[in-house]
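Peer 1: This is the structure I have questions about; it appears just below.
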Amino acid sequence: MSSRGNFSGRIGFILTAAGSAVGLGNIWKFPYLAGQNGGAVFLFIYLICVFLLCYPVMVGEISIGRRAGLDAYGSYTKLGGRRWGLLGLFGIMVGIFILSFYNVVAGWAFGYFLHISFGDLLNQTDFSSFFGLFVNDLLDLSSAEGLANSNFIFSMVFMAMTAFIVARGIQSGIEASNKIMMPILYLILIGIIVYALTLPNAISGVKFYLIPDFAELKIQTLFEGLKQAFFSLSLGMGTLMTYGSYLKKTENIPSSVAVISVADTSVAFLAGLMIFPLVHFLQFKLQVTEVATAGPPLIFIVLPQIFHEMGPLLGRIVGGLFFLLVCFAALTSTISLLEVPVAYLVDQKKMSRKKVSWAIALLIFILGLPIMASQGMIPALNKLAFYKGQDYLVFVADMCDISLTVGGCLMCIFITRRWKIHNMHDELEIGNPGYKNSFLKKYLSVTIQYVCPVLLGILSILIIIDKFFGIDRIFN
């Protein structure tokens, strides 16, 4: 392991793994889903799902990586044979495609950070039109200003930052950057929350978010909570398996995973505590009852309008800090996504980390170009005839969503049927002498062998139905 590098210790591993889990989904997807599924009720379901389903899967994934001491493909091959290695390759490919669209959205966030902090974005009167024009501005070579405002450049710079960090190695690059970004992320998040709570009508947003109405508890809530919990922790594609391969044998895996789960969940929770007061403030200012929308519109249309309502100075400060927060959350995730294929080529092909990091980053950036163009530049990619008229970005993201739960389900089957559960227990006892006779051991045995594969299998089927036909046909 020493030639591959390893984490310096427990704190470095926890911050890096938590950084992998914390991403754009925590900032925009969790608050929206909470708002659409009963607020506090959804939060309650989400927390249950994290520790019922996600905690065991995360423990299993990291234990595989540490036992094998290799990338995802190498870990499955070493512990299960070449056929199981295909599951590792599957996860690597999924990670590549996730990063291809994730980097595009991260580039949007980086562009908005620059436009709000140093430009005139908050002077706009129609933020929806601005966003539409912004995502269509792929590359304008006619002037320096056009080049500086190009999404092509924003995404390229973001990918270059990612490659630079990964190329520096585990301790000097990945761990060191997460040790800086994760604490700053929390500080910015808490700072914005404190300010948001002072705004008019903010408390009504807090009440909606934290006071449960169990009349809102539906099958749809359970489905969305389970799905979001699994996706938010970056499970099923080998990221945490790869990070686990850099973990020292002296570290306590179950304890570290508990801290990682709490860290990721706390960011999602705090994001809701930030978003809902801001949205309710905008409702108060505009005298409307509904403004929150899903995904990118919430971040790139609604929130800039909120910052605009704060005034030119405070809006620029709070808005700039918010999009810096989003950039940090995105960068900690893009780093982990790039590390998965890089580790594969370093381990299996004995290639130089620096050269591979930049080469894979370039390939992924090129794969992202059709995704950039799908936002209006190329009509055929903007409305896919074979996929409900959705754009290419949505299609790639949805296919990756399906792949994650399938990968997680197959990983549980691998532990149970091929690697064997007793080998996982043996690995978990290392660095944790009290594990042998603990309740946790029995709990992990039951969940990984029976609960997780069944729930993930059902979830995979439901997500496929949801993406292609609409889940309302089942739940309503």
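The values are calculated or read from the model by the stated rules, or taken from the named source; none is laboratory data. Predicted model only: the values in this text are computed from it and were never measured. Heads up, the Cβs are rebuilt from the backbone with ideal geometry, glycines too, and the neighbour counts pull from every protein chain shown. Just the protein is used for accessible areas: all its heavy atoms, side chains included, with ligands, DNA and RNA removed. Shrake-Rupley method; radii C 1.70, N 1.55, O 1.52, S 1.80 Å.
Peer 1: I'm trying to understand the selection: among the residues of the stretch 370-418, which are of a type in the set (Val, Ile, Thr) and either part of a loop (DSSP other than H, G, I, E, B) or touching a residue at least 12 places away in the same chain (Cβ under 8 Å) (or both)?
Peer 2: ILE371, ILE378, VAL396, ILE402, THR405, VAL406, ILE413, ILE415, THR416, listed by residue number.
Peer 1: Here is a further query. Out of the stretch 419-446, which residues are in a loop (DSSP other than H, G, I, E, B), open to solvent by 30 Å² or more (accessible area, probe 1.4 Å) and of a type outside the set (A, V, I, L, M)?
Peer 2: Hits for the stretch 419-446 are LYS420, GLY431, LYS436, ASN437.
Peer 1: While we're on this one: Do you know which residues across the stretch 194-241 are open to solvent by 10 Å² or more (accessible area, probe 1.4 Å), within 24 Å of GLY65 (Cβ to Cβ) and among the aromatic types (Phe, Trp, Tyr)?
Peer 2: Matches in the stretch 194-241: PHE231 only.
Peer 1: Can you confirm whether TYR46 is modelled with pLDDT under 85, over 10 Å from the mean Cα position of the chain (by Cα) and either of a type in the set (A, V, I, L, M) or in a helix (DSSP H, G or I) (or both)?
Peer 2: no
Peer 1: Here's another thing I want to ask about it. Go through the stretch 49-72 and report how many residues are open to solvent by 10 Å² or more (accessible area, probe 1.4 Å) and in contact with an Asp or Glu (Cβ under 8 Å, 6 or more places away or on another chain).
Peer 2: The qualifying residues number 2.
Peer 1: Quick check on the stretch 259-271. Is at least one of its residues acidic (Asp, Glu) and surrounded by 24 or more Cβ atoms within 10 Å (Cβ to Cβ)? Spell out the reasoning first.
Peer 2: As a first pass, look at the stretch 259-271 and keep what is acidic (Asp, Glu): 264.
Filter again for surrounded by 24 or more Cβ atoms within 10 Å (Cβ to Cβ), leaving 264.
So far as the stretch 259-271 goes, yes, one or more of its residues are acidic (Asp, Glu) and surrounded by 24 or more Cβ atoms within 10 Å (Cβ to Cβ).
Peer 1: A further question on this structure: Residues of the stretch 25-39 being in a helix (DSSP H, G or I) and open to solvent by 10 Å² or more (accessible area, probe 1.4 Å), which ones?
Peer 2: Those that are in a helix (DSSP H, G or I) and open to solvent by 10 Å² or more (accessible area, probe 1.4 Å): GLY25, TRP28, LYS29, TYR32, LEU33, GLY35, GLN36.
Peer 1: Scan the stretch 314-363 residue by residue and report those that are among the hydrophobic types (A, V, I, L, M, F, W, C), part of a helix (DSSP H, G or I) and over 17 Å from THR162 (Cβ atoms).
Peer 2: LEU314, ILE317, VAL318, LEU321, PHE322, PHE323, LEU325, listed by residue number.
Peer 1: At pLDDT 95 or above and either out of contact with any helix residue (DSSP H, G or I) (no Cβ under 9 Å at 6 or more places or on another chain) or open to solvent by 10 Å² or more (accessible area, probe 1.4 Å) (or both), is that true of THR77? Before the answer, list the steps.
Peer 2: On the way: at pLDDT 95 or above: yes; either out of contact with any helix residue (DSSP H, G or I) (no Cβ under 9 Å at 6 or more places or on another chain) or open to solvent by 10 Å² or more (accessible area, probe 1.4 Å) (or both): yes.
So THR77 fits the description; yes.
Peer 1: When TYR246 is evaluated against the numbered criteria (1) under 29 Å from GLY205 (Cα atoms); (2) open to solvent by less than 10 Å² (accessible area, probe 1.4 Å); (3) hydroxyl-bearing (Ser, Thr, Tyr), which criterion, by number, is the only one it fails?
Peer 2: (1)
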